[in-house]
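Note sheet for the following structure.
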Amino acid sequence: SRFLETGDKYICFTFLQVVEQNVDPETTLLTYLRRKLGLCGTKLGCGEGGCGACTVMISKYDPFRKKILHYTANACLFPICALHHVAVTTVEGIGNTKSRLHPAQERIAKSHGSQCGFCTPGIVMSMYTLLRNKPEPKMEEIEDAFQGNLCRCTGYRPILEGYRTFAKVSVYLFFLQNGGCCGGKANGPGCCINEREDNMTMMSSSLFNPSEFQPLDPTQEPIFPPELMTQSNKQQKQLCFKGERVMWIQPTTLKELVALKSQHPNAKLVVGNTEVGIEMRLKNMLYPVIIAPAWISEMNAVQHTETGVSFGAACSLSSIEEVLRKAVAELPPYKTEVFQAVLEQLRWFAGPQIRNVAALGGNIMTASPISDLNPVLMASGSKLTLISNEGKRTITMDEKFFTGYRKTILKPEEILLSVEIPYSRKGEYFSAFKQASRREDDIAIVTCGMRVQFHEGTSQVEEIKLSYGGMAPTTVLAIKTCQKLIGRDWNEKLLQDACHLLAGEMDLSPSAPGGMVNFRRTLTLSFFFKFYLTVLQKLSKQHNGPNKLCEPIPSNYISATELFHKDPIANVQLFQEVPTGQAVEDMVGRPLMHLSAAKQACGEAVYCDDIPHYENELYLTLVTSTKAHAKILSIDASEAQTVPGFVCFVSVKDVPGSNITGIANDETVFADDMVTCVGHIIGAVLADTQEHSRRAAKAVKIRYEELKPIVTIQEAIEKQSFFKLIRKLNKGDVKKGFEESDHILEGEMYLGGQEHFYLETHCTVAVPKGEDGEMELFVSTQNLMKTQEFVANALGVPSNRIVVRVKRMGGGFGGKETRNTILSTVVAVAAFKTGCPVRCMLDRDEDMLISGGRHPFLGRYKVGFMKNGKVKSLEVSYYCNGGNSVDLSHGVMDRALLHLDNSYNIPNVSSLGVICKTNLASNTAFRGFGGPQGMMIAECWMSDLAWKCDLPPEEVRKLNLYSEGDLTHFNQKLEGFTLRRCWDECLSSSSYHARKKQIEEFNRQNRWKKRGMCIIPTKFGISFTVPFLNQAGALVHVYTDGSVLLTHGGTEMGQGLHTKMIQVASRTLGIPTSKIYISETSTNTVPNTSPTAASVSADINGMAVHNACQTILKRLEPIKQSNPKGSWEDWVSCLYLIPDLGYSFEKNEGRPFCYFSYGVACSEVEIDCLTGDHKNIRTDIVMDVGTSLNPAIDIGQIEGAFVQGLGLFTMEELRYSPEGNLYTRGPGMYKIPAFGDIPAEFYVSLLRDCPNSKAIYSSKAVGEPPLFLSASVFYAIKDAIYSARKDSGVTEPFRLDSPATPERIRNACVDIFTKMCPSAEPGTFKPWSVRV
């Protein structure tokens, strides 16, 4: 094809004008910002538009609407070619710590909304863009602006809390509406008014002071560059950019476009790149010609016609939303039934960053079987106008439009020009429904559009169209069902027939892709039932005269027709104020802001991949196994060598030292003749850029001889594939216990695993020093010592030649405690081989595939108990899926067994812990480390037992709680046992009994919505289960100007550890915190550090810092006396070990834990029995954290852990094929909680007056203990399901495995619809996914 003239490329970044000549169409804006311009504030979180870490603001003059538009977009998908004449604002452009922070940056920092800080720049940019468009937004608008942003640390509440100060209505009124801390029951035991007089401890609820915030001044924002205004009025000329593999053509007229498409019939038309970008990156597709129709006026036009509204195919979804909103507001309701349905689908369609750039035409032409809009367009009979060099034609979108998976009726040279969405008529009703794993920003499981037209003035069906997505390889119409319903009356009989017909027509093979077959089939019926009720309700409203057309809808059914609405959020956090008389500069116990929060909010905080590039740096991409268990026959890298920029291929023969690695020496640096999981590292490719190394890695060809894999716990038990150490922990006489019991219950429960989903994936930069095998590594790790040791072993040098440094991590949660070493050793070997610095930051899909997660558990139990609910005896076996190597699985299983009691006193216990060896990536540490799995199974039998005794669960739980001085099942005496105080306080502050009555009343009045509530205690042992890890060091440098440089063995991953350590040093030395600085953690300052894990980092490093400071003070004593005004200078290093810890499983004696952290949570949920959706209405947490070192950080940890647990128990589901291949490799398929998933009312209070003698300044560990409290949500859901089953006449107990996804909830609420969709017999088919 002719090479068209390349115009100059003109983009305007804030304060930077960039004219770029040679542009590769495959370059994204994110790559350009970070590599070319060195602006590293914008982060890469997932590369698929699913996490919002790369959010930037795009500003451009819209010649069609004659105004300047500001909108957010995902830089990771935005093609650099689409930026001609556009201004881009990044987080660095709106404020910085040197001059001034923008209010959007200042408020998130001061309200403690930034922990690890990796997602902060994206959240700041979403807020900033909203403020540019609406300086005084409503609270709902603020919440909606964050639909496309994820955060893994904070639990979202502090972010919303800080940003609600921008909202129009100040929400400081809610305290009064809710009646303060005790719901207005003044003088109750939990009332905060009472505390003040009799008790000297003041409780405070303000973690930050909004009056300190600088006001937002919209006039101070940077203006839109005037050059770009004048440019856009000139006649544009056609642009063409040619890269290594792709040509990008941007025509300016429809005529040019049509000609180009006939010349390149296979070219893709791209507007937002939100589909093609993902296909090219994740699905290995290549489209050599891309045509961008964004400038063509006909493709952007909006026209109101006689029959509806016509949209150009390049209109963005956001602009369609705006037009339809206006139409709905101005037109009579009967005309806008379809518009309202489109708006309802768009409301939950991806996130704003995607809706702002994604085009309507792209959505139709992608022809995705689960598109949210296509069923609506199909059921409404929308008209599509097509154009080619042969002219125009208009077709109706019907069952013939989609011809196969992702194929349409269009000829290759045809272009979709516009789409007309019709007005509805009188007597016509329309609804659209969608069900996904998470409400915000999620792809549908099943989606539908439903339309019915009645003969005028009757309830007789004239025409009906039911269209479904997610039920076939294309969007389908239920044609047979619709034909049989024509002419029928809209009544109960029609409903029954329709459901039977639909169940037959919308059938799915039991091994259909996507799985969840029963759930999807049931949803098609549930959706029709919702539609039936909605139409019935509208009919009875319109014809409420004497001649009733149809029976009215039963009152307890009404809630089934309500569309989802968000409740306004309300929260209170209570903590104890510092004692009166504490010195002002003593910061211990005060809510000090996270020390790098301001840097994080400005994008100035440096993470591993933000380190500037070295001169001759190479980029590494891993080559991993695609088989779960196989012999490697051959590796052929010859094709990779032809990729431009290729340097070399590294594999097992390049390892200079030992290829054996891993905690138990049972892993390899590179696979040697055998792979044992999908994602097993076989080799790595080095090239000059990340794009080239990616391409080369994909070109490496590997031949395998496949062997039979073991994937699930079940298979491992059948084949006896276990790691050899099998733990037993016994106490008392179990047999006798069972004989004395009134009842015996047996059961089992399965808990799924969990992906860490830290926002920053694994990253390592290795820099060889060229002398004596020295090497410096910058690693995102929690465990410097093991990283150093494993690298030294692989390189065959002593540890003293290797320095590992970490400044901060973008989240860790245990995933960087050992698994980062699989990447670090490979990068180090590559750097050793080439002698060049080597960098690798994993893509999200690689990270999820190779790094392992939380161990899935299967628990089998037999419990004996008395009629009153008192537990006598327990026999339990735990099986966990360890993956292909030992890693930390033994420690995880030990902790599970030590927590099998949760908080309950069980006189006789016999337990077994088995770790299954399977062909999955090795599972590893994850916040809670086996504790939550052990306790979850305890709560499972506890809830069954309460059901069996027919007693209120909270009474049975309280009856079995430990008391002060009791011995646990591992014979440790409980001292300072505050759990009962937490329990009573939580019951009263949550008004448990009053609300329980309200819930019963609600459930009586609603058949298809149910509420449930549950209160759950937790006791979490604090210390590493391996004694020698409970140690730490600290190094304090005091400089002559009086400033102090502090280094300790802990790493900062957002949990505020550095902030707390500075508070400790400040109190010990008696100097203000501003004089103390922590730069980073590194192996050459504090050697032999424990991993930052097990929640004990503040305890052990705090003591080490305290001791080091004490030593300094001692040395200063004589100098101070001789010269009271002298300056001080010295340095010291010392070690702190937690005294007398050690436990033996064989003898069942010793002290495994230093002390325990306690907490209680009460949660209320509402489920939709028809779709399996649930919403978290309210949670109250009371937590004992001793005397808090920093209440802001501690409350942040409690909320963050709780929301992470919410994900574990209700949403996050890892899905594997029967061959052991992971399907869920990114935020598209794997759903962590989003802003809208947290409880609408979220109350956290720290227990007062409970100092802990065992740790620094009487504080307690807080990282892991609260995670398990979210089990209260899981059991509240189970409580609600019991109520739904009772209405269907089913009363026997049922098994609910974790996570309680919409699928599991819906399938457990048995009713007429589930009975119409019976399951296929297991064993008669091959499922799409298996439970590992």
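Open to solvent by less than 70 Å² (accessible area, probe 1.4 Å) and in contact with a strand residue (DSSP E or B) (Cβ under 8 Å, 6 or more places away or on another chain): does that describe Lys736? Considered against the rule, which asks whether it is open to solvent by less than 70 Å² (accessible area, probe 1.4 Å) and in contact with a strand residue (DSSP E or B) (Cβ under 8 Å, 6 or more places away or on another chain), Lys736 comes out as no. When Gln641 is tested against (1) closer than 22 Å to Arg694 by Cβ; (2) in a strand (DSSP E or B), only condition (2) is not met. Residue-level analysis places Gly427 among those that are surrounded by fewer than 22 Cβ atoms within 10 Å (Cβ to Cβ), touching a residue at least 12 places away in the same chain (Cβ under 8 Å), in contact with an Asp or Glu (Cβ under 9 Å, 6 or more places away or on another chain) and farther than 13 Å from Ser382 by Cβ. Among residues of segment 471-487 that are on the phi < 0 side of the Ramachandran plot, those with a Cβ under 7 angstrom from a residue that is open to solvent by 70 Å² or more (accessible area, probe 1.4 Å), sequence gap 6+ or separate chain, pair up as Pro473/Tyr405; Thr474/Tyr405; Val476/Glu399; Leu477/Glu399; Ile479/Glu399.
Can you pull out the residues in segment 695-725 that are open to solvent by 70 Å² or more (accessible area, probe 1.4 Å) and not in a helix (DSSP H, G or I)?
Scanning segment 695-725 gives Lys701, Arg703, Glu705, Glu706, Lys708, Lys719, Gln720, Lys724, Leu725.
Among the strands (runs of 3 or more DSSP E) confined to segment 365-424, the ones with at least 3 residues that are open to solvent by 60 Å² or more (accessible area, probe 1.4 Å) are located at 391-396.
Report, by residue number, each residue of segment 96-117 that is open to solvent by less than 10 Å² (accessible area, probe 1.4 Å) and part of a loop (DSSP other than H, G, I, E, B). Answer for segment 96-117, where residues must be open to solvent by less than 10 Å² (accessible area, probe 1.4 Å) and part of a loop (DSSP other than H, G, I, E, B): His102, Ser111, Gly113, Ser114, Cys116, Gly117.
State which residue is surrounded by the most Cβ atoms within 10 Å (Cβ to Cβ) when the search covers only segment 1240-1262 and only residues that are among the charged types (D, E, K, R) and assigned to a loop (DSSP other than H, G, I, E, B). Ranking the candidates gives Lys1260 first.
Going through segment 1218-1240 one residue at a time, which ones are within 27 Å of Leu77 (Cβ to Cβ), more than 13 Å from the chain's Cα centre (by Cα) and among the small types (Gly, Ala, Ser)? Once the filter is applied, which keeps residues that are within 27 Å of Leu77 (Cβ to Cβ), more than 13 Å from the chain's Cα centre (by Cα) and among the small types (Gly, Ala, Ser), segment 1218-1240 yields nothing.
Taking segment 543-561, which residues are modelled with pLDDT under 90 and either surrounded by 17 or more Cβ atoms within 10 Å (Cβ to Cβ) or out of contact with any helix residue (DSSP H, G or I) (no Cβ under 9 Å at 6 or more places or on another chain) (or both)? Talk me through it step by step, then tell me what you get.
Going through segment 543-561, the residues modelled with pLDDT under 90 turn out to be 543-553.
Residues satisfying the conditions are His543, Asn544, Gly545, Pro546, Asn547, Leu549, Cys550, Ile553.
Residues of segment 570-608 that are within 16 Å of Gly113 (Cα to Cα) and part of a loop (DSSP other than H, G, I, E, B): Pro591, Leu592, Met593, His594, Leu595, Ser596, Gly603, Ala605.
Within segment 484-514, how many residues turn out to be in a loop (DSSP other than H, G, I, E, B), open to solvent by 10 Å² or more (accessible area, probe 1.4 Å) and more than 11 Å from Met471 (Cα to Cα)? Residues meeting the conditions: 6. Specify the residue that is least open to solvent (accessible area, probe 1.4 Å); the eligible residues are those in segment 205-215 that are of a type in the set (Gly, Ala, Ser) and closer than 23 Å to Ala598 by Cβ. Only one residue fits best here, namely Ser206.
Thr31 passes every criterion in (1) out of contact with any Pro (no Cβ under 9 Å at 6 or more places or on another chain); (2) at pLDDT below 95 apart from (2). Regarding segment 657-672, can at least one residue be identified that is out of contact with any Ser or Thr (no Cβ under 8 Å at 6 or more places or on another chain) and farther than 16 Å from Phe790 by Cβ? Within segment 657-672, one or more residues are out of contact with any Ser or Thr (no Cβ under 8 Å at 6 or more places or on another chain) and farther than 16 Å from Phe790 by Cβ. Elements of the type strands (runs of 3 or more DSSP E) sitting completely within segment 218-324 and holding at least 2 residues that are β-branched (Val, Ile, Thr) and under 37 Å from the mean Cα position of the chain (by Cα): these cover 289-291.
Is it the case that segment 1063-1075 has a residue that's within 29 Å of Ile802 (Cβ to Cβ), surrounded by fewer than 22 Cβ atoms within 10 Å (Cβ to Cβ) and over 30 Å from the mean Cα position of the chain (by Cα)? Checking segment 1063-1075: not a single residue is within 29 Å of Ile802 (Cβ to Cβ), surrounded by fewer than 22 Cβ atoms within 10 Å (Cβ to Cβ) and over 30 Å from the mean Cα position of the chain (by Cα). Is it fair to say Arg65 is surrounded by 18 or more Cβ atoms within 10 Å (Cβ to Cβ) and of a type in the set (Lys, Arg)? So Arg65 does not fit the description; no. Within segment 261-282, does at least one residue satisfy the condition of being open to solvent by 10 Å² or more (accessible area, probe 1.4 Å), on the phi > 0 side of the Ramachandran plot and either of a type outside the set (Lys, Arg) or without any contact (Cβ under 8 Å) to a residue 24 or more places away in the chain (or both)? Among the residues of segment 261-282, at least one is open to solvent by 10 Å² or more (accessible area, probe 1.4 Å), on the phi > 0 side of the Ramachandran plot and either of a type outside the set (Lys, Arg) or without any contact (Cβ under 8 Å) to a residue 24 or more places away in the chain (or both), which makes the answer yes.
Can you pull out every residue in segment 652-694 that is of a type in the set (Ser, Thr, Tyr), in a loop (DSSP other than H, G, I, E, B) and buried (at least 24 other Cβ atoms within 10 Å of the Cβ)?
So in segment 652-694, the residues of a type in the set (Ser, Thr, Tyr) come out as 658, 661, 668, 676, 689, 693.
Of the ones still in play, those that are also in a loop (DSSP other than H, G, I, E, B) are 658, 676, 689.
Residue satisfying the conditions is Thr676 alone.
Selection of segment 344-364 for residues being touching a strand residue (DSSP E or B) at 6+ places or on another chain (Cβ under 9 Å), under 24 Å from His565 (Cβ atoms) and assigned to a helix (DSSP H, G or I) yields Glu344, Gln345, Pro352, Gln353, Ile354, Arg355. If the condition is being within 14 Å of Asp847 (Cβ to Cβ), assigned to a loop (DSSP other than H, G, I, E, B) and open to solvent by 10 Å² or more (accessible area, probe 1.4 Å), then segment 810-835 contributes Phe813, Arg819. Considering only residues in segment 779-809 that are open to solvent by 30 Å² or more (accessible area, probe 1.4 Å), in contact with an Asp or Glu (Cβ under 9 Å, 6 or more places away or on another chain) and not in a helix (DSSP H, G or I), the one that is farthest from Gly928 (Cα to Cα) turns out to be Val803. The number of residues in segment 857-887 that are hydroxyl-bearing (Ser, Thr, Tyr), under 12 Å from Ile915 (Cβ atoms), open to solvent by less than 10 Å² (accessible area, probe 1.4 Å) and part of a strand (DSSP E or B) comes to 1. Restricting the first member to segment 248-260 and to residues that are under 13 Å from Ala314 (Cα atoms), and the second to residues that are of a type in the set (Lys, Arg) and open to solvent by less than 20 Å² (accessible area, probe 1.4 Å), no beta-carbon pair is closer than 6 Å while six or more apart or on different chains.
The values are calculated or read from the model by the stated rules, or taken from the named source; none is laboratory data. Keep in mind it's a predicted model, so treat the numbers as computed, not measured. All Cβ positions, glycine included, derive from the backbone under ideal geometry; neighbour counts span all protein chains shown. Just the protein is used for accessible areas: all its heavy atoms, side chains included, with ligands, DNA and RNA removed. Shrake-Rupley method; radii C 1.70, N 1.55, O 1.52, S 1.80 Å.
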